[in-house]
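S.K.: Got a structure for you, questions after.
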Amino acid sequence: MPYANPRVTLVDHPLVQHKMGILRQSATPTSQFRTLVRELAHIEAIFATADLETESYEVETPICRTRAKRIAGPKLAIVPILRAGMGMVDGVLDLVPSARVGVLGMQRNEETHEPEPYYEKVPVDVASRDCLVVDPMLATGGSAIAAVKLLRERGVANIKVMVLVAAPVGLDALLAADSDVHIYTCAIDEGLNEAAYIVPGLGDAGDRIFGTVA
């Protein structure tokens, strides 16, 4: 049965499905994997920014004056969860080059599977911005929950989480932890294995993006 929740958007565009199939393959080389992550983040960001406020203003075309629209209201901040989230940043910046970028370091404890924060640097005006938290994988949800909690403490009102692959348990946990967060994902997989990795998943996204696969 499909995952049904109004705060979860499955971005299942045909191009996304095609690229996800290549991304999952163990034979996909680092360079192609990195490019695909960037492309998927770009496509996903189009959906995640669809509700940005606009305002009307006047422009001069080669023919006449007319009305056009531009982004209004709060500006955007991209907040990747280190290190794998960095692979998605450029895909969003390609779409919104004026966005500010913060970083959150959340390292997974391989015994407890819980996140351990080790670094934070966000824009000084982050409370006045819409925030896109980006991380390729939403497994247990621990890192995303910690990131959203931290941004709430910094005064951020509008937070969206963009991932490439999500497990139902991670979706459940994040939605339960924050009543307003909206999640965008390119795939919702079966679940987690005994090591808390997503099945079928795509392996360790950080290792595959940065070429540190053993």
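The values are calculated or read from the model by the stated rules, or taken from the named source; none is laboratory data. From a predicted model like this one, the values you see are computed outputs, not experimental measurements. Note that we place each Cβ from the backbone using ideal geometry, even for glycine, and neighbour counts take in every protein chain shown.
S.K.: Report, by residue number, each residue of the range 130-140 that is surrounded by fewer than 24 Cβ atoms within 10 Å (Cβ to Cβ) and in contact with a Pro (Cβ under 8 Å, 6 or more places away or on another chain). Walk me through it before giving the result.
M.R.: Quick first cut of the range 130-140, residues surrounded by fewer than 24 Cβ atoms within 10 Å (Cβ to Cβ) only: 130, 140.
Matches in the range 130-140: ASP130 only.
S.K.: What tally of residues in the range 177-200 results from selecting those that are out of contact with any His (no Cβ under 8 Å at 6 or more places or on another chain) and within 29 Å of VAL156 (Cβ to Cβ)?
M.R.: Of the residues in that region, 15 qualify.
S.K.: Here's something else I'd like to know. Quick check on the range 141-160. Is at least one of its residues under 22 Å from ALA27 (Cβ atoms), of a type in the set (Val, Ile, Thr), crowded, with 20+ Cβ neighbours inside 10 Å and modelled with pLDDT of 95 or more?
M.R.: Just the residues of the range 141-160 that are under 22 Å from ALA27 (Cβ atoms), to begin with: none.
Within the range 141-160, not a single residue is under 22 Å from ALA27 (Cβ atoms), of a type in the set (Val, Ile, Thr), crowded, with 20+ Cβ neighbours inside 10 Å and modelled with pLDDT of 95 or more.
S.K.: Exactly one of (1) in contact with an Asp or Glu (Cβ under 9 Å, 6 or more places away or on another chain); (2) surrounded by fewer than 23 Cβ atoms within 10 Å (Cβ to Cβ); (3) under 30 Å from LYS19 (Cα atoms); (4) touching a residue at least 12 places away in the same chain (Cβ under 8 Å) is unmet by THR212. Its number?
M.R.: It fails just one condition, (4).
S.K.: How many of the residues in the range 1-53 are modelled with pLDDT under 95 and of a type in the set (D, E, K, R)?
M.R.: So the count comes out to 3.
S.K.: What strands (runs of 3 or more DSSP E) lie completely within the range 18-94 and have 1 or more residues being under 19 Å from the mean Cα position of the chain (by Cα) and surrounded by 14 or more Cβ atoms within 10 Å (Cβ to Cβ)?
M.R.: By residue number, 75-82.
S.K.: Sticking with this structure for a sec: Could you list, ordered by first residue, the pairs with Cβ atoms under 8 Å in which the first is in the range 24-39 and closer than 14 Å to ASP94 by Cβ and in contact (Cβ under 8 Å) with a residue 12 or more places away in the chain and the second is of a type in the set (Asp, Glu) and part of a helix (DSSP H, G or I), at least 6 apart or interchain?
M.R.: ARG38/ASP90; ARG38/ASP94
S.K.: Going through GLU110, GLU116 one at a time, which residue ends up being surrounded by fewer than 23 Cβ atoms within 10 Å (Cβ to Cβ), within 20 Å of VAL199 (Cβ to Cβ) and over 15 Å from the mean Cα position of the chain (by Cα)? Please lay out each step first, then the result.
M.R.: On the way: GLU116 fails: within 20 Å of VAL199 (Cβ to Cβ).
Answer to the selection: GLU110.
S.K.: Right, here's the next one. Return the total of residues in the range 84-98 being under 21 Å from ARG152 (Cα atoms) and at pLDDT below 95.
M.R.: Within the range 84-98, residues that are under 21 Å from ARG152 (Cα atoms) and at pLDDT below 95 number 0.
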